1. GluC sites (Glu not before Pro) within the stretch 55-150: which are DSSP loop residues with at most 15 other Cβ atoms inside 10 Å?
2. When the Karplus curve 6.51 cos²θ - 1.76 cosθ + 1.60 is applied with θ = phi - 60°, which whole-Hz ³J(HN,Hα) does each residue of the stretch 130-145 get, with x for Gly and Pro?
3. Tell me the relative contact order for the stretch 14-98 as a rounded percent, counting alpha carbon contacts under 8 Å between residues six or more apart.
4. Using only helices, what value at 222 nm comes out for the chain when you add -39,500 (n - 2.57) per DSSP H run of length 4 or more and divide by the total residues, to the nearest 500 deg cm²/dmol?
5. Arranged from highest to lowest average of other beta-carbon atoms within 10 Å per residue, in what order do the peptides 163-171, 130-138 appear?
6. Please list, in chain and number order, the residues 5+ apart from V76 or on another chain whose amide H is under 5 Å from its amide H, with Hs placed from the backbone.
7. Can you tell me, using C-alpha contacts under 8 Å and at least 6 residues apart, the relative contact order of the chain as a whole percent?
8. Given a 1.4 angstrom probe, what's the average accessible area per residue across the chain, in square angstrom?
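The values are calculated or read from the model by the stated rules, or taken from the named source; none is laboratory data. Worth saying up front: this structure is predicted, and the values here are computed from it rather than measured. Cβ placement follows ideal geometry from the backbone for every residue including glycine, while neighbour counts extend to all protein chains displayed. Accessible surface is based on the protein model in full, side chains and every heavy atom, while ligands, DNA and RNA are left aside. Shrake-Rupley method; radii C 1.70, N 1.55, O 1.52, S 1.80 Å.
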Amino acid sequence: MIYGAVLAGGTGERLGLGMPKQFYKIGNKPILIHSVEAFLKVEEFDYVIVSSPKDYIDKTKELIDEYIENTEKIIVIEGGVTRNDTILNSIDQTDKEEESIMVTHDGARIFVSPEQIQKSIDCAKEHTASCPVIPSTDVIFQSIDKKHLDEIPLRKNLMRAQTPQAFKITRFIEIYNDLSDDEIKLLDEAMALFHLRNEDICLFEGDPSNFKITNPFDIDVAETMINKRK
């Protein structure tokens, strides 16, 4: 079984929109719908699980019914307190069979392509997990106290992780159950589980246009990109 998990359980307060950002319209369509539509274009998915803040589950279902014609594969669930909790809630909806795969994606990355999603699935079939990456174009400073420079890693060795990230569900559960409380607290990405246990991660070429809408500037960029594509 192949499962998609569109993670939209947050409230997006940094944007100051007065609503969860996944409901904000870009190109006359809510952010969430852009991402869900991309996943539905990948025929290999058995189900696409969409997470939502607890108070907005009905709203999420209404938007899906309004904008998407065929909703048979879509399951709407309550998101967790953290990103990792939301992933675990999504896993609860799966069959947890040995070779089953889950593909997680930030709902606010609306320019993800079906090709990128399919690539994440294909890579996860051959490895424990997969993740798209793009080269870092900036020099990165490392600072523990955020005041003094501790280290400057070589830029040529640095890559920025994107989503969709995919992993074998049973292995994910095994690793998660083996983590200490301190390790779990450090997690903000599903892939971190595998980095902590040196699992086989397939990295593949991402897409710079697959950025995450986080601040008002990102909304302006997204609107411009959609208008140009039209």
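1. E69, E72, E97, E98, E99
2. My calculation for the stretch 130-145 gives 9, 7, x, 9, 10, x, 6, 9, 10, 6, 9, 9, 10, 9, 6, 9 Hz in order.
3. 23 percent.
4. Mean residue ellipticity at 222 nm (helix-derived): -10000 deg cm²/dmol.
5. The most tightly packed comes first, giving 163-171, 130-138.
6. Hits under the 5 Å cutoff: V50.
7. Computed value for the chain: 23 percent relative contact order.
8. 54 Å²
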